[in-house]
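**Student:** Would you mind keeping the following structure in view while I ask a few things?
Quick note: the coordinates plus some simple rules give every number you see, no bench work behind them. Nothing here was measured: the structure is a model prediction, and the numbers come from that model. Here the Cβ positions follow ideal geometry from the backbone for every residue, glycine too, while neighbour counts run over all protein chains shown.
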Amino acid sequence: MKAVWVFAEHQLGQWTSVTRELLTTARSLADELGGELIAIVCGDEVENLVSTLSNWRVNRVYLTEHKGLTYYHPLIYTEVITGLVEKFGCPEMILFGATYLGRDLAPAVAARLGTGCAADCCELKLDQDGNLLQIVPGLGGTIFATIVTPHHRPQVATVKPGMLETGEPTEIKAGATGEVPLEIVRFEAPIPKDTPAIQLREVRRKPPKEAKLEAAARVVAGGAGLGGPEGWALVEELAEALGAVVGCTRPAVDEGWAEHDLMIGQSGKTIRPELYIGIGISGDMMHMVGIKGKGTLVAINQDPKAAIFNQVDYGIVGDYRQIVPALIQELKSRA
Amino acid sequence: MRPLRIAVCVKPVPDPKESNRLQIDPATKTLVRKGIPLVINPLDRHALEAGIKLKEEAEGKVTVFSMAPPAAEQTLTETLAMGADEAVLLSDLRFAGGDTLATARVLAAGLKKMGEWDLIICGAESFDGGTAQVGPQLAVLLGIPWLTRVCQLKREDDNHLLVTVEDETEQRDLLAQLPLLITVDSAVNQPRRLSLLGILAARKRKVITFTADDLPVDLAGIGLNGSPTQTRDLFTHESTKKVELLTGSPQQVAIQLLDKLGLTEKGAGQ
């Protein structure tokens, strides 16, 4: 039977958001193929988490529990997944979230299996022959590309968090019709004795990140067209007046005006705001791909030919140095 | 400490500062790069800097590898000017169009051809492709461990590096045994600037060039035809939005916009 495997990643005792998104999409792909959805779970003492996978109608879990899997060791994790393929047969596809771990592990697994890996997909679907269509923003972010792996299996892909249009949660409540009994298959990791050691010296937990941008109802974003840190200060001022969260494009990070954490797009955050105002942003696909949902989009840009004007509801062609202060003043007068 | 044999992999990319000049040929659906100068991929400069720093601490040798068209030779000369001891250009029409695995196969063959390595350093990802896949794939093909997105790096002893990596929730200090492949983030160091003298001196040095015929590589696994992934089609995002342009003085457009958005008071937009 055709199988769709999802690497179910957990952090701090919870499934990552992209794992939930992947499971939802992978269930539809498996249904379309008339196949099974299988979750791969690695870690130490994670069995209680595993039982929740029935929420996504997972047919089977390949569970590998081992002390050596508490922390991510690239070689050991690669051994586990290629070991699973060897033991249980080659699936149609193995899907990973494009997290730190997924972007490290997926290409390695693909290289070991001599197959293809598509990075940072924003959409997955099947063609009529059952090949996985892996949609990625490509060529400098000006265009989307459909990547296929026609002659090799498994098809390996990483999928960017927040990108899959999963719609309403399809999690099935316990006992509801359509529930699939979850089969848990334990797998002994074939970890070679001579695996080079990567010893953990120290771990520092990062302060829990607030998903501020991802959850923001209003976002004011700035880009290269700001021209300098004074422009960035205006972006922050407008955001403050609007009760909005600030975001940015890559140039604003590269120039040092904004923190990397604020970047929206393919290599940054995915947002779903009710209102987005882009200032000095050209409308490059790399950025626009990170703006999802049905919100109202506004662009302020000096260049009337900027691509962003084809992708927004309201556009203002002009110098943001005059327009943004006017907006702030008008907002204050209305408060 | 013992000297290290260090390989640094670099990719010439279209100058990020001119990336707005990149265009798609509507007929062939390929990228038109004509006239855009090639530069070393920004993160690869950090990789090279990391290699040179380790060499300065304890002797050793830094060799730069790149799979690229012949035009990249000049870019590789720059790496010599920065302080690399030698530069190897892997260039052959048969390499063209390769995906990350096909590219990693060519790099692995080039590395094997030139000897054995204690440490291989790559930039975490390229500015143009951005997949971050070549590093881990190269390590797999060479049969050595790897660590990606290293943001701090220190030589611990003869056979170990102490590196810091960071995922979504944690920063981890890891003691990793050599041989090892690492990919580095921009936080790892500040790449040195090129001196004019360095550039002039480097111009006199030769970049080593290999074709497929010189390398222990299976032709069936390289280039466009040897790549497991293929690009089926390219398409632009068709926005369903129809823009309404607001015109007038700054104050007039401000009023119009806020009216259109129905913004009469400070929102609870957090």
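**Student:** If you take each beta carbon of peptide A:66-73 and count the beta carbons of other chains within 10 angstrom, what is the mean?
**Tutor:** 2
**Student:** Follow-up question, since we're still on this one. Under 20 °C and 1.002 mPa s, how fast does chain A diffuse according to Stokes-Einstein, given a Kirkwood radius computed over C-alpha pairs? Answer in µm²/s, whole number.
**Tutor:** 99
**Student:** Once the protein assembly as shown is represented by equal point scatterers at the alpha-carbon sites, with solvent omitted, what log10 I(q)/I(0) does the Debye formula produce at q = 0.06, 0.10 Å⁻¹?
**Tutor:** -0.33, -0.93
**Student:** Using θ = phi - 60° and the Karplus relation 6.51 cos²θ - 1.76 cosθ + 1.60, list the HN-Hα couplings for the stretch A:59-69 in order, rounded to whole Hz, with x at every Gly or Pro.
**Tutor:** 6, 8, 10, 9, 10, 10, 10, 6, 4, x, 9
**Student:** Further question on the same structure: Angle check, please: helix A:74-88 long axis (alpha carbons) against the longest principal axis of chain A (alpha carbons), in degrees 0 to 90, nearest 10.
**Tutor:** For A:74-88 against chain A, the angle is about 50 degrees.
**Student:** Evaluated at 4 °C with a viscosity of 1.567 mPa s, what Stokes-Einstein diffusion coefficient in µm²/s does the stretch B:167-209 have when Rh comes from the Kirkwood expression over alpha-carbon pairs?
**Tutor:** In µm²/s, the coefficient rounds to 87.
**Student:** OK, next. Which whole-Hz ³J(HN,Hα) couplings does the stretch B:106-116 yield from phi under the Karplus relation 6.51 cos²θ - 1.76 cosθ + 1.60, θ = phi - 60°, glycine and proline marked x?
**Tutor:** Values per residue, Gly and Pro as x: 5, 4, 4, 5, x, 5, 5, 4, 8, x, 10 Hz.
**Student:** So, one more: Could you work out the percent of alpha carbon pairs in the stretch B:132-247 separated by over 20 Å, rounded to a whole number?
**Tutor:** Roughly 69 percent, rounded to a whole number.
**Student:** Cα centroid distance between the stretch A:107-156 and the stretch A:266-308, in Å?
**Tutor:** 26
**Student:** Arranged by the count of other C-beta atoms within 10 angstrom, fewest first, what order do B:Ser91, A:Ser54, B:Ser66 take?
**Tutor:** Taking fewest neighbouring Cβ atoms as first place, the list is A:Ser54, B:Ser91, B:Ser66.
**Student:** Averaged over its residues, how many other protein chain Cβ atoms are within 10 Å of peptide A:87-100's Cβ atoms?
**Tutor:** Taking the mean over all residues of the peptide, I get 1.
**Student:** Would you mind checking B:Lys61/B:Lys154; B:Lys17/B:Lys204; A:Lys212/A:Lys294; B:Lys113/B:Lys154; B:Lys53/B:Lys154 for any pair whose Cα atoms are more than 21 angstrom apart?
**Tutor:** Going by Cα-Cα distance, B:Lys17/B:Lys204; B:Lys113/B:Lys154 fall outside the 21 Å limit.
**Student:** Relative contact order, percent, of the stretch B:124-235 when contacts are C-alpha pairs under 8 Å separated by at least 6 residues?
**Tutor:** 19
**Student:** Okay, moving on. Output wanted: per-residue J couplings in Hz (rounded whole) for the stretch B:179-188, from phi through Karplus 6.51 cos²θ - 1.76 cosθ + 1.60, θ = phi - 60°, x for Gly and Pro.
**Tutor:** Each residue of the stretch B:179-188 in turn: x, 8, 10, 10, 10, 10, 9, 5, 6, 5 Hz.
**Student:** For the stretch A:180-231, which GluC sites (Glu not before Pro) are in a loop by DSSP, counting at most 13 other Cβ atoms within 10 Å?
**Tutor:** A:Glu188, A:Glu210
**Student:** Put +1 on the Cβ of every Lys and Arg and -1 on every Asp and Glu Cβ in the protein assembly as shown; which of B:Met114, B:Gly130, A:Leu327 then has its Cα farthest towards the positive end of the dipole?
**Tutor:** Working it through, the farthest residue towards the positive pole turns out to be B:Met114.
**Student:** Most exposed first by the Cβ proxy, i.e. fewest other Cβ within 10 Å, how do A:Cys121, B:Cys151, A:Cys248, B:Cys9 rank?
**Tutor:** Least crowded to most crowded, the residues run B:Cys151, A:Cys121, B:Cys9, A:Cys248.
**Student:** Let me ask something else. Quantify how much of the Cα-Cα distance distribution of the stretch A:20-86 extends past 15 Å, in percent.
**Tutor:** 56
**Student:** Rounded to the nearest 10 degrees, what's the angle between the helix A:17-33 long axis and the longest principal axis of chain A, both from Cα atoms, 0 to 90?
**Tutor:** So the inclination is approximately 60 degrees.
**Student:** By count of other Cβ within 10 Å, fewest leading, how are A:Thr24, B:Thr209 ordered?
**Tutor:** Fewest-to-most Cβ neighbours within 10 Å comes out as B:Thr209, A:Thr24.
**Student:** Right, next: Considering every residue in B:94-104, what mean count of other chain Cβ atoms within 10 Å of its Cβ is obtained?
**Tutor:** So the per-residue partner count for this stretch is 2.
**Student:** If contacts are Cα pairs under 8 angstrom and at least 6 residues apart, what is the relative contact order of chain A in percent?
**Tutor:** Relative contact order here is 14 percent.
**Student:** Continuing with this model, one more query. Taking the Cα centroid of the stretch A:1-42 and of the stretch B:69-92, what is the distance between the two, rounded to the nearest whole Å?
**Tutor:** One Cα centre to the other: 43 Å.
**Student:** A follow-up question, please. By per-residue mean of other Cβ atoms within 10 Å, what is the highest-first order of B:125-135, A:237-247?
**Tutor:** Listed from highest to lowest mean packing, they are B:125-135, A:237-247.
**Student:** Report, by chain and number, residues whose modeled amide H sits under 5 Å from the one on A:Ala258, excluding near sequence neighbours (fewer than 5 apart, same chain).
**Tutor:** Amide H to amide H, under 5 Å and 5 or more residues apart or across chains, A:Ala258 pairs with A:Val253.
**Student:** Which far-off residues, 5 or more places away or on another chain, put their amide H under 5 Å from the one on A:Ile291, with H placed in the peptide plane?
**Tutor:** Answer set, sorted by chain and number: A:Ile271.
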